[in-house]
1. Roughly what % of DSSP beta bridges within the chain run antiparallel, to the nearest 5?
2. How would you order 189-195, 146-152 from highest to lowest mean count of nearby Cβ atoms within 10 Å?
3. Around TRP205, what is the net charge, scoring Lys/Arg as +1 and Asp/Glu as -1 over all other residues with Cβ under 12 Å from its Cβ?
4. Can you compute the charge dipole magnitude of the chain about its Cα centre, using +1 on each Lys and Arg Cβ and -1 on each Asp and Glu Cβ, nothing else charged? Give it in debye, rounded to the nearest 20.
5. Can you list the equivalent-ellipsoid semi-axes of the stretch 88-220, largest first and in whole Å, using the square root of 5 times each Cα gyration tensor eigenvalue?
6. What order, most packed first, do the peptides 204-210, 7-13 have when packing is the mean number of other Cβ atoms within 10 Å of each residue?
7. What are the lysines whose alpha-carbon lies under 26 Å from the alpha-carbon of LYS155, with same-chain residues fewer than 8 places away excluded?
8. Compare the peptides 79-91, 20-32, 128-140 by average per-residue count of other Cβ atoms within 10 angstrom and give them in order, highest first.
Amino acid sequence: MEVQVMANILDKNDKLAAEVNALFSVHGIFCLNLLGSPGSGKTSLLEHTIISLKEDIRLAVIEGDLFTDKDAERIARKGAPVIQINTGGGCHLDAAMVKTVISKLDLTALDLVIIENVGNLVCPAEFNIGEDVKVTVLSVTEGEDKPMKYPLVFKEAGAVVINKIDLIPYTSFDMNAVKEDIESLNPQVSLIEVSCRTGDGLEGWYDWLKDQIVRKKARC
């Protein structure tokens, strides 16, 4: 019965996710679901992205968190429209939550919507929320074992951003081993190495993101 219940939940969620994605697609909006552990650097990556791209790309952010709006406050200070979703203790966002807040966005004035999911490497990977692509952020401080311990979040990702590369000399993190593990799980994934502290590699992330936006508009 538990399997059937979960299947029903996911089926209902997927239908709502398709409705959300269709609404974004009508307006040519690329939607990205940003996943990762607490402290991996998701919000820092968003801050840099907003600062660097907001003059050229019309973007908005949906922030998912259990209780606070601290990350949304950080995003707002960088000059991007932001909507907060608090799950009240839930470990992930779902499509119903996202659909409920879409009306607060002016979809006619956007090219990109980034949804920062709740910090978690397990539950968020199972739920589509209307995105075109999932992106997983992995910090080198989390250790190199994470892809094989939490494979689904890496299998589902269109890109994996490996953050805090400036700290590699101070850890035992094996970049080659991590890349091999991720690519064994997901051969088509884009791997992007960055440091949100130093700025290294961020241009590669921006280029990947801009390419995805162009591709989405070409499909719509």
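1. Percent antiparallel among DSSP bridges in the chain is about 5.
2. 189-195, 146-152
3. Counting the neighbours of TRP205, the net charge comes to -4.
4. In total the dipole reaches around 560 debye.
5. Three semi-axes, in Å: 27, 18, 14.
6. The packing order, highest mean first, is 204-210, 7-13.
7. Cross-link targets: LYS12, LYS15, LYS42, LYS99, LYS134, LYS146, LYS164, LYS179, LYS210, LYS216, LYS217.
8. Highest to lowest by the protection proxy: 128-140, 20-32, 79-91.
All of the numbers you see were taken from the coordinates with simple rules; none came from a lab. Small disclaimer: the values here were computed from a predicted structure and weren't measured. All Cβ positions, even for glycine, are placed from backbone atoms using ideal geometry, and neighbour counts span all protein chains on display.
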